[in-house]
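In what follows, a structure is listed as structure tokens, so that the remarks can point back to it.
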Amino acid sequence: MNKLVEGTFLRSAVARRVFFLFLLSAFVPAAMLAALSYGHVRAVVGDYTQRQLAQAGSAHARALYDRLLGAHFILNANVAQIRRGTNVEDTTSIALTRVFRRTYLVAHDQTVLRFGAPLGEDPPPIDARAASHLAKGELALLMPPGRPVGPPWLAVAIDPAQVADGVLIAQLEPAYLWGDSDEISYQTDICVLAEGAVLLYCSSDELGATASRVASHRANGHPASADGWLSATSGLFLKAKFGADDWTIVALRPGSLAIASLTQLAQTYLGVTLLTLLLVALLSVVQIRRTLVPLERLIEGTQRIARENFEQPVAVERDDEFGQLARSLNGMARRVGQQLGALRALSEIDQEILSHLDIEQIVVLVQARLLALLPQAVIGVVLLDDRSADLGTAYLQRATDAQPTKVALQLDPQKLAHCVRYRDGAWLPVDGPDVPRFVAMLAGLGAAHCFVIPIFWRDEICGALGIGVVDQQEVNNGLIEQARDLGKRVGVAFAALAREAELVLRAHHDDLTGLPNRALLSERLQQELARARRTGKQLALLFLDLDRFKSVNDTLGHDGGDQLLRVAAERLSACVRECDTVARLGGDEFVVLLTGLDNPQQAAKLAGQVLAVLSEPFQVAGSKCFIGASIGVSVFPADGSSAEELLKQADIAMYRAKAAGRGRFVFFEESMNVDQRERAVMEQELHLAIMRNQFAVHYQPRVDLRDGRLLGAEALLRWNHPVLGSVSPAIFIPLAEDAGLIESIGPWVLRQVCAQLAAWQAAGYAVGTVAVNVSGRQFRSDDLVAQVTHALESTGLAPHVLELEVTEGVLIDDVESVIDVLGRLKQIGVSVALDDFGTGYSSMAYLRRLPIDVLKIDQSFVRDLAHAEDARNMVQAIIAMAHALHKSVVAEGVETLVQANLLRSWGCNQAQGFYFSRPVTAAALEALMEKTLVLSDDTNAMARI
Ligand code: C2E
Ligand code: MG
Ligand code: MG
């Protein structure tokens with residue numbers, strides 16, 4: 001009880017409230033009932049007592065009256081005897097003596113004691129009222145005078161007619177008159193009072209005053225109780241019979257007597273109330289205990305659930321609502337626990353998938369979860385090898401094993417295909433001929449039944465999850481459901497692994513060729529650099545750019561280009577060793593990483609082989625293509641120590657190889673780096689050149705070889721740099737092309753020249769044809785024709801005086817579009833010259849189709865004319881061919897008379913070169929024009945040639 005009070009009762013507000021409510025609800029009605037009953041009983045008792053008293057009083061009055069009548073009768077009989085003359089003494093009967101104390105016969109002032117001892121006093125006088133009464137023959141009651149009042153007297157006239165003659169007067173014996181006090185009711189006292197509250201008799205002496213007060217109170221109409229006494233009064237009417245005043249009979253009973261019984265009642269009530277309260281308290285404690293203990297356990301249970309402790313159920317073994325609640329709570333806790341455990345396991349697996357994606361760790365988690373649910377089981381997971389459909393690994397685990405047993409398995413594809421049908425899993429037999437090995441292994445670890453759930457990835461089976469148990473009943477639906485979820489997670493892990501592998505592959509390989517990309521190359525390069533540092537070996541980077549790839553792309557389309565790139569990649573890969581890496585950086589750029597070299601010559605040798613395989617014709621889209629490559633080589637440690645540095649140097653060297661005429665490999669040299677830096681500075685300067693007005697156009701005259709006449713000029717751009725001086729266009733034009741500046745420089749030259757020509761024409765100079773050089777990039781840009789048209793229109797120049805020089809390089813590109821552009825230029829009316837002829841790859845077939853007016857023999861041939869026979873033959877052949885194609889021939893770079901003569905003798909039409917004039921300013925050309933005009937008529941003119 002103590003423990004209960006401490007443990008449950010006081011602590012619980014509900015308990016306290018219920019307890020006090022119980023008490024209150026028991027106490028209030030009990031107390032009210034007690035109070036009401038007490039009041040009622042009190043009233044009833046009072047009333048009853050009052051009635052008893054009244055009865056006692058009236059009974060006493062009747063008895064008194066009867067005794068007075070008795071006395072009346074005896075006295076009358078005595079008087080009758082006296083009338084008959086019987087001697088009084090004789091007639092003194094026992095009755096008389098018993099009723100009366102003394103008797104007097106009073107006649108004519110003579111009083112004779114007839115009976116009893118004299119009192120020492122006279123009988124009371126007979127007043128008028130008594131006399132008249134006596135005269136009627138009635139008895140008169142006389143009260144003795146004085147106080148206290150003695151016993152009353154009775155008088156009767158001997159002869160009512162002659163009252164004065166004799167009256168028999170007798171004092172009543174008190175013992176007779178007042179009767180025996182035993183006759184009075186128990187615990188009741190009787191007092192008799194005469195008129196004016198004169199006490200005649202009282203059964204208890206001390207009550208006289210009380211009775212007098214009661215009588216006078218009653219007379220004044222006050223209640224019947226006084227001084228703690230209950231009382232009742234009755235009147236005794238004496239006037240009629242006895243001619244006296246009425247008496248009052250007061251019956252008294254002590255009030256404490258009634259109260260005593262009431263007090264007892266009150267005590268009983270109190271006892272009963274207290275007993276009720278005690279009972280209620282006990283019952284309520286018992287009831288509270290019956291309610292609160294399970295409630296507390298339920299609360300503890302929910303708190304345990306909140307703390308995620310689902311193991312300990314709530315112990316309430318009852319059939320009432322609490323029992324039901326506890327059972328549902330336990331059931332709920334069990335389910336929530338299982339679900340939470342499942343979710344935790346799945347989330348752990350998800351974390352593993354997202355973080356490390358270690359499939360073995362995931363298998364461990366899956367097994368741990370299932371073993372937590374079913375410790376007596378054997379859990380097996382088999383995973384198929386992603387490279388081979390019939391190989392797999394089984395992981396077998398029991399609760400007692402520290403680690404899963406890992407076994408490599410040979411799988412039967414047919415059985416696997418069979419498994420696919422049971423997507424949701426099935427019970428498989430553990431013995432017999434067709435038992436899969438995986439299941440047999442579970443049986444080997446003690447399983448008598450085996451539930452197998454296949455694991456899928458993209459609708460293909462990638463493994464299976466097996467639950468081996470001794471009794472099939474151990475595996476319920478909830479467990480199978482969880483096992484399926486876990487199996488699916490393993491499938492997800494598989495998918496994630498595959499996707500990651502694919503992403504890694506994609507991130508590191510080029511889609512088109514499947515070769516490593518830049519990222520993987522730099523990764524490998526880093527590794528190989530580290531290894532080279534350790535081993536002291538060298539490594540080389542071959543930066544390779546296909547030559548003329550763009551024309552293949554333009555002619556055969558991107559599909560053709562892609563095909564060629566794939567073939568090139570294959571050839572490259574076939575060339576190198578297993579340990580080397582061939583990567584594609586993008587476009588037609590490849591890099592070969594050669595490792596473990598002892599000297600750079602090994603790289604040179606391989607570069608040579610690469611060039612050889614790439615110069616073999618490519619069969620693409622039904623056409624035979626000749627491309628080739630330019631390779632730049634950088635070597636570690638000679639050319640740099642970092643991957644970036646080595647790549648940059650190889651790139652620079654590759655550009656040098658391109659510039660040196662393509663189809664070759666060039667080793668990086670430090671000077672190239674210097675060139676590179678200079679290029680960068682120059683590019684910046686070029687940006688500002690137009691704005692700063694640093695460009696000028698010079699003109700180199702072109703003369704008729706037959707007579708030295710000035711036929712025109714070639715416009716040659718000059719860059720007058722404030723620091724570098726006059727920078728050759730051979731240097732800055734390629735730079736401007738690379739930097740994308742040719743788009744603004746080219747049109748500027750065109751406008752300059754056209755404006756100058758227009759000015760000359762306006763001034764009346766017969767300037768002839770002026771050629772403007774057009775760079776390859778400018779030619780390929782779509783708006784060359786528009787640029788020319790605009791230059792002509794804006795200056796109002798007649799088109800036929802303008803000639804455009806394009807180099808052979810542009811012909812390498814898409815011939816059809818070259819022909820188209822040239823055709824449109826011709827339509828405008830400008831002529832076109834093929835510059836530096838003989839240095840490029842122009843084929844005769846193309847030449848025939850191209851709408852070209854002039855061939856300009858490259859100065860390298862002219863330079864060698866004097867001493868190289870092949871040059872002479874070449875020039876002669878070019879002249880013959882040009883003429884055959886109806887094209888005019890201009891020899892460039894004529895520096896000597898010998899050269900001029902030879903060319904003239906072979907029929908070359910025109911020439912330009914230092915021999916005639918260096919490129920000069922426009923003003924200087926004006927002078928020359930005048931001079932030539934003069935010279936044209938001068939027969940000596942040819943003498944100079
Ligand atoms: P190019 O069109 O073959 O021009 C002829 C080059 O040979 C000029 O060099 C000229 O000064 C030089 N030359 C002329 N006669 C002789 C000679 O007797 N001996 C020697 N050794 N050289 C001679 P330049 O002016 O330095 O121009 C070089 C190249 O720059 C030009 O070769 C041309 O391809 C290009 N170029 C010049 N101006 C322009 C231009 O406005 N636009 C474009 N796109 N290229 C230009
Ligand atoms: Mg030129
Ligand atoms: Mg030239």
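The values are calculated or read from the model by the stated rules, or taken from the named source; none is laboratory data. For clarity, every value in this text was computed on a predicted model and none was experimentally measured. Here the Cβ is made from the backbone with ideal geometry for all residues, glycine too, and neighbour counts use every protein chain on show. To get the accessible areas, we keep the full protein, side chains included, count just its heavy atoms, and leave off ligands, DNA and RNA. Shrake-Rupley method; radii C 1.70, N 1.55, O 1.52, S 1.80 Å.
Could you list, in sequence order, the residues of the stretch 117-131 that are assigned to a helix (DSSP H, G or I) and open to solvent by 60 Å² or more (accessible area, probe 1.4 Å)? Explain how you work it out, then say what you get.
At the first step, the residues of the stretch 117-131 found to be assigned to a helix (DSSP H, G or I) are 128-131.
Hits for the stretch 117-131 are A128, R129.
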Subject >> Of residues in the stretch 826-856 being within 16 Å of ligand 2 (Cβ to nearest atom) and either touching a Gly at 6+ places or on another chain (Cβ under 6 Å) or at pLDDT below 90 (or both), the one most open to solvent (accessible area, probe 1.4 Å) >> reply: T839
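One line per residue, one yes/no per condition, for (1) under 29 Å from A696 (Cβ atoms); (2) within 16 Å of ligand 3 (Cβ to nearest atom); (3) at pLDDT 95 or above:
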position	(1), (2), (3)
R863	yes, yes, no
N873	no, no, no
V890	yes, yes, yes
V898	no, no, no
G913	yes, yes, yes
A923	yes, no, no
E926	yes, no, no
L935	yes, no, no
N940	no, no, no
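Return yes or no: is G446 at pLDDT 85 or above, open to solvent by less than 60 Å² (accessible area, probe 1.4 Å) and in a loop (DSSP other than H, G, I, E, B)? If you could, list the steps in order and put the result at the bottom.
Working: at pLDDT 85 or above: yes; open to solvent by less than 60 Å² (accessible area, probe 1.4 Å): yes; in a loop (DSSP other than H, G, I, E, B): yes.
It is true that G446 is at pLDDT 85 or above, open to solvent by less than 60 Å² (accessible area, probe 1.4 Å) and in a loop (DSSP other than H, G, I, E, B).
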**OP:** Find all pairs meeting these conditions: Cβ atoms under 7 angstrom apart; at least six residues apart or on different chains; first residue within the stretch 718-729 and part of a strand (DSSP E or B); second residue among the charged types (D, E, K, R).
**Re:** H721/E685; S726/R718
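Going by the conditions given, is L614 at pLDDT below 95, over 56 Å from the mean Cα position of the chain (by Cα) and closer than 20 Å to F549 by Cα?
Numbers: at pLDDT below 95: yes; over 56 Å from the mean Cα position of the chain (by Cα): yes; closer than 20 Å to F549 by Cα: yes.
Against the criterion (at pLDDT below 95, over 56 Å from the mean Cα position of the chain (by Cα) and closer than 20 Å to F549 by Cα), L614 qualifies.
Filter the stretch 205-218 for residues that are touching a residue at least 12 places away in the same chain (Cβ under 8 Å) and open to solvent by 20 Å² or more (accessible area, probe 1.4 Å) and give the result. Don't jump to the end; show me each part of the working.
Going through the stretch 205-218, the residues touching a residue at least 12 places away in the same chain (Cβ under 8 Å) turn out to be 207-208, 210-216, 218.
Once the filter is applied, which keeps residues that are touching a residue at least 12 places away in the same chain (Cβ under 8 Å) and open to solvent by 20 Å² or more (accessible area, probe 1.4 Å), the stretch 205-218 yields S212, R213, S216, R218.
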**OP:** Could you list, in sequence order, all residues of the stretch 811-839 that are farther than 18 Å from D853 by Cα and within 16 Å of ligand 3 (Cβ to nearest atom)?
**Re:** T839
Original post:
Going by the conditions given, is F494 in a helix (DSSP H, G or I), crowded, with 16+ Cβ neighbours inside 10 Å, modelled with pLDDT under 90 and among the aromatic types (F, W, Y)?
Top reply: yes
Original post:
Among the residues of the stretch 252-300, which ones are touching a residue at least 24 places away in the same chain (Cβ under 8 Å) and of a type in the set (K, R)?
Top reply: R253, R289, R297
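For every residue, the table says whether it meets (1) surrounded by fewer than 18 Cβ atoms within 10 Å (Cβ to Cβ); (2) within 16 Å of ligand 2 (Cβ to nearest atom).
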residue: E892; (1), (2): no, yes
residue: V898; (1), (2): yes, no
residue: W906; (1), (2): no, no
residue: A924; (1), (2): yes, no
Original post:
So, of the residues in the stretch 781-810 that are within 16 Å of ligand 3 (Cβ to nearest atom) and more than 24 Å from W760 (Cα to Cα), which turns out to be surrounded by the fewest Cβ atoms within 10 Å (Cβ to Cβ)?
Top reply: G809
**OP:** Output the residues belonging to the stretch 857-883 that are of a type outside the set (G, A, S) and surrounded by fewer than 13 Cβ atoms within 10 Å (Cβ to Cβ).
**Re:** H867, E869, D870, N873
**OP:** For the stretch 109-116, state whether one or more residues are at pLDDT 70 or above, farther than 17 Å from A164 by Cα and outside any strand (DSSP E or B).
**Re:** yes
Subject >> strands (runs of 3 or more DSSP E) wholly inside the stretch 619-707 that include at least 2 residues being open to solvent by less than 10 Å² (accessible area, probe 1.4 Å) >> reply: 629-636, 695-704
Original post:
If you go through the stretch 456-488, how many residues are over 20 Å from D385 (Cβ atoms) and in contact (Cβ under 8 Å) with a residue 40 or more places away in the chain?
Top reply: 15
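Yes or no: the stretch 695-703 includes at least one residue that is over 30 Å from W906 (Cβ atoms) and more than 15 Å from ligand 2 (Cβ to nearest atom). Can you show your working first?
Pass one, the stretch 695-703, residues over 30 Å from W906 (Cβ atoms): 695-697.
Filter once more, keeping what is more than 15 Å from ligand 2 (Cβ to nearest atom): 695-696.
Within the stretch 695-703 (the criterion being over 30 Å from W906 (Cβ atoms) and more than 15 Å from ligand 2 (Cβ to nearest atom)), the answer is yes, since at least one residue qualifies.
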Subject >> Unique match (being in a loop (DSSP other than H, G, I, E, B), in contact with a helix residue (DSSP H, G or I) (Cβ under 8 Å, 6 or more places away or on another chain) and within 16 Å of ligand 3 (Cβ to nearest atom)) among I852, I878 >> reply: I852
Original post:
Based on what the data block shows, is D385 open to solvent by 50 Å² or more (accessible area, probe 1.4 Å) and either touching a strand residue (DSSP E or B) at 6+ places or on another chain (Cβ under 9 Å) or of a type in the set (G, A, S) (or both)?
Top reply: yes
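Could you tell me which residue of the stretch 530-540 is nearest to Q602 (Cα to Cα), considering only residues that are open to solvent by less than 60 Å² (accessible area, probe 1.4 Å) and under 52 Å from the mean Cα position of the chain (by Cα)? Quick ask: steps written out before the conclusion?
As a first pass, look at the stretch 530-540 and keep what is open to solvent by less than 60 Å² (accessible area, probe 1.4 Å): 530, 532, 538-540.
Then drop every residue that is not under 52 Å from the mean Cα position of the chain (by Cα), which leaves 530, 532.
Numbers: A530: 20, A532: 15 Å.
Here the residue is A532.
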**OP:** Inspect all residues belonging to the stretch 739-753 and state whether any of them is surrounded by fewer than 19 Cβ atoms within 10 Å (Cβ to Cβ), more than 29 Å from H800 (Cα to Cα) and more than 13 Å from ligand 1 (Cβ to nearest atom).
**Re:** yes
Original post:
For the stretch 305-326, does any single residue satisfy the condition of being touching a residue at least 12 places away in the same chain (Cβ under 8 Å) and in contact with a His (Cβ under 6 Å, 6 or more places away or on another chain)?
Top reply: no
**OP:** Under 9 Å between Cβ atoms, at least 6 apart or on separate chains: pull out the pairs that start in the stretch 861-890 with a residue that is of a type in the set (K, R) and end on any residue that is modelled with pLDDT under 90 and surrounded by fewer than 16 Cβ atoms within 10 Å (Cβ to Cβ).
**Re:** R872/A866
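Conditions tested, residue by residue: (1) modelled with pLDDT of 85 or more; (2) within 22 Å of G179 (Cβ to Cβ); (3) among the aliphatic types (A, V, I, L, M); (4) in contact with a strand residue (DSSP E or B) (Cβ under 9 Å, 6 or more places away or on another chain).
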residue	(1), (2), (3), (4)
F9	no, no, no, no
A13	no, no, yes, no
L23	no, no, yes, no
A26	no, no, yes, no
A43	no, no, yes, no
G57	yes, yes, no, yes
L64	yes, yes, yes, yes
G70	yes, yes, no, no
I82	no, no, yes, yes
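Only one residue in Q778, Q761 is away from ligand 1 (no atom under 13 Å from the Cβ), in a helix (DSSP H, G or I) and either open to solvent by less than 20 Å² (accessible area, probe 1.4 Å) or more than 30 Å from R548 (Cβ to Cβ) (or both). Which one? Lay out the reasoning, then the answer.
Details: Q778 fails: away from ligand 1 (no atom under 13 Å from the Cβ).
Testing whether each residue is away from ligand 1 (no atom under 13 Å from the Cβ), in a helix (DSSP H, G or I) and either open to solvent by less than 20 Å² (accessible area, probe 1.4 Å) or more than 30 Å from R548 (Cβ to Cβ) (or both) leaves just Q761.
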**OP:** Quick one: A866 ticks every box in (1) in a loop (DSSP other than H, G, I, E, B); (2) within 12 Å of ligand 1 (Cβ to nearest atom) except a single one, so which number is it?
**Re:** (2)
Original post:
Going by the conditions given, is V898 over 60 Å from the mean Cα position of the chain (by Cα), within 15 Å of ligand 1 (Cβ to nearest atom) and in a helix (DSSP H, G or I)?
Top reply: yes
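Pick from L797, L802: which is within 16 Å of ligand 2 (Cβ to nearest atom) and more than 25 Å from V552 (Cβ to Cβ)? Step through it out loud before you land on a result.
Numbers: L797 fails: within 16 Å of ligand 2 (Cβ to nearest atom).
Exactly one of L797, L802 is within 16 Å of ligand 2 (Cβ to nearest atom) and more than 25 Å from V552 (Cβ to Cβ), namely L802.
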